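J.: Handing you this structure, nothing more for now.
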């Protein structure tokens, strides 16, 4: 049995059921979750302090008690904090637990690099300032986030209440602007179940950050990602 541990924002209601659904057809793999406090997404000092390392490492240590094969930060905070924050976090998790670690965003960036994407459609529920910070961080990788759509929401719990109709409209608008691929950056949006349909409709690969976390956890644990079927073209990419 391979055990995948996912670090989860405390107010998130979406990633756990979607992750379990993605893994339902993968034999010999189980998902386990540990939470730490995250209730809002903004650039204020209070909001940024939610991602201080100590509580994240404490949550990772709890997963380590159950002898995980991989630990994944199933969140997108390095999108606005800077991607080095996730690299440092993964090193700290592995130093603290002895378990290999990755994150939704690091996996997303690795896949974008493999695909050669330079013009990325960006869909999020976030505030203007957060969206701008994400675009600026992608610019340092040589990736332009255009077109983009965001909902100007701050309360993390509220992200899960965004309807599929709203998300589909955002994807359609972004796809019409001619990106090379589209990403949904947020692990509390109910986007992943819609990805296969969006890809069929637009002809573009859609990389959802719950899916990138699952892909990354499976890859770290040495499990064939192609066993995940019906959740988008991302799972056709072999590590």
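J.: Looking at the range 194-206, can you tell me whether even one residue there is under 24 Å from residue 126 (Cα atoms), under 14 Å from the mean Cα position of the chain (by Cα) and modelled with pLDDT of 95 or more? I'd like the intermediate steps shown before the answer.
T.: Kept after step one, since they are under 24 Å from residue 126 (Cα atoms), are these residues of the range 194-206: 194-199, 202, 204-206.
In the following step, the residues that additionally are under 14 Å from the mean Cα position of the chain (by Cα) were identified as 195, 206.
Add one more test, that the residue is modelled with pLDDT of 95 or more, and what stays is 195, 206.
Looking for residues that are under 24 Å from residue 126 (Cα atoms), under 14 Å from the mean Cα position of the chain (by Cα) and modelled with pLDDT of 95 or more, one finds at least one in the range 194-206, hence yes.
J.: Follow-up. Out of curiosity, is residue 128 at pLDDT 95 or above, surrounded by fewer than 24 Cβ atoms within 10 Å (Cβ to Cβ) and either within 17 Å of the chain's Cα centre (by Cα) or over 17 Å from residue 9 (Cβ atoms) (or both)?
T.: On the way: at pLDDT 95 or above: yes; surrounded by fewer than 24 Cβ atoms within 10 Å (Cβ to Cβ): yes; either within 17 Å of the chain's Cα centre (by Cα) or over 17 Å from residue 9 (Cβ atoms) (or both): yes.
It is true that residue 128 is at pLDDT 95 or above, surrounded by fewer than 24 Cβ atoms within 10 Å (Cβ to Cβ) and either within 17 Å of the chain's Cα centre (by Cα) or over 17 Å from residue 9 (Cβ atoms) (or both).
J.: Test of understanding: among 213, 175, 192, which residue is in contact with a strand residue (DSSP E or B) (Cβ under 7 Å, 6 or more places away or on another chain), closer than 26 Å to residue 153 by Cα and surrounded by fewer than 23 Cβ atoms within 10 Å (Cβ to Cβ)?
T.: Numbers: 213 fails: surrounded by fewer than 23 Cβ atoms within 10 Å (Cβ to Cβ); 192 fails: surrounded by fewer than 23 Cβ atoms within 10 Å (Cβ to Cβ).
Only one candidate qualifies: 175.
J.: What is the number of the single condition among (1) touching a helix residue (DSSP H, G or I) at 6+ places or on another chain (Cβ under 9 Å); (2) assigned to a helix (DSSP H, G or I); (3) within 23 Å of residue 221 (Cα to Cα) that residue 102 does not meet?
T.: Residue 102 satisfies all of (1) touching a helix residue (DSSP H, G or I) at 6+ places or on another chain (Cβ under 9 Å); (2) assigned to a helix (DSSP H, G or I); (3) within 23 Å of residue 221 (Cα to Cα) except (2).
J.: Restricting attention to the range 40-88, report how many residues are touching a strand residue (DSSP E or B) at 6+ places or on another chain (Cβ under 7 Å), within 26 Å of residue 127 (Cβ to Cβ) and in a loop (DSSP other than H, G, I, E, B).
T.: 2
J.: Quick one: count up the residues across the range 111-125 that are closer than 26 Å to residue 8 by Cβ and in a loop (DSSP other than H, G, I, E, B).
T.: Summing the residues that are closer than 26 Å to residue 8 by Cβ and in a loop (DSSP other than H, G, I, E, B) in the range 111-125 gives 1.
J.: Read through the list (1) over 17 Å from the mean Cα position of the chain (by Cα); (2) touching a residue at least 24 places away in the same chain (Cβ under 8 Å); (3) at negative phi, then give the number of the only condition that residue 216 fails.
T.: Single failed check for residue 216: (1).
J.: Which residue pairs have Cβ atoms under 6 Å apart, sit 6 or more places apart or on different chains, and have a first residue in the range 156-174 that is assigned by TED's automatic domain parsing to the domain that holds residue 122 and a second that is in a helix (DSSP H, G or I) and surrounded by 14 or more Cβ atoms within 10 Å (Cβ to Cβ)?
T.: That search, which allows pairs on different chains as well, returns 164/194; 171/198.
J.: Checking residue 108 against (1) buried (at least 23 other Cβ atoms within 10 Å of the Cβ); (2) outside any helix (DSSP H, G or I), only one condition comes out false. Which one?
T.: Exception for residue 108: condition (2).
J.: Which residue, of 92, 160, 133, is at pLDDT 95 or above, touching a strand residue (DSSP E or B) at 6+ places or on another chain (Cβ under 9 Å), surrounded by fewer than 19 Cβ atoms within 10 Å (Cβ to Cβ) and under 26 Å from residue 71 (Cβ atoms)? Walk me through how you get there before you give the answer.
T.: On the way: 160 fails: touching a strand residue (DSSP E or B) at 6+ places or on another chain (Cβ under 9 Å); 133 fails: touching a strand residue (DSSP E or B) at 6+ places or on another chain (Cβ under 9 Å).
Every option except 92 fails the conditions.
J.: Only one residue in 68, 105 is more than 30 Å from residue 129 (Cα to Cα) and at pLDDT 95 or above. Which one? It would help to see each step written out before you state the result.
T.: Numbers: 105 fails: more than 30 Å from residue 129 (Cα to Cα).
Only one candidate passes the filter, namely 68.
The values are calculated or read from the model by the stated rules, or taken from the named source; none is laboratory data. Source: prediction; values computed, not measured. Neighbour counts are summed over all protein chains in view; Cβ atoms, including those assigned to glycine, are modelled from backbone coordinates with ideal geometry.
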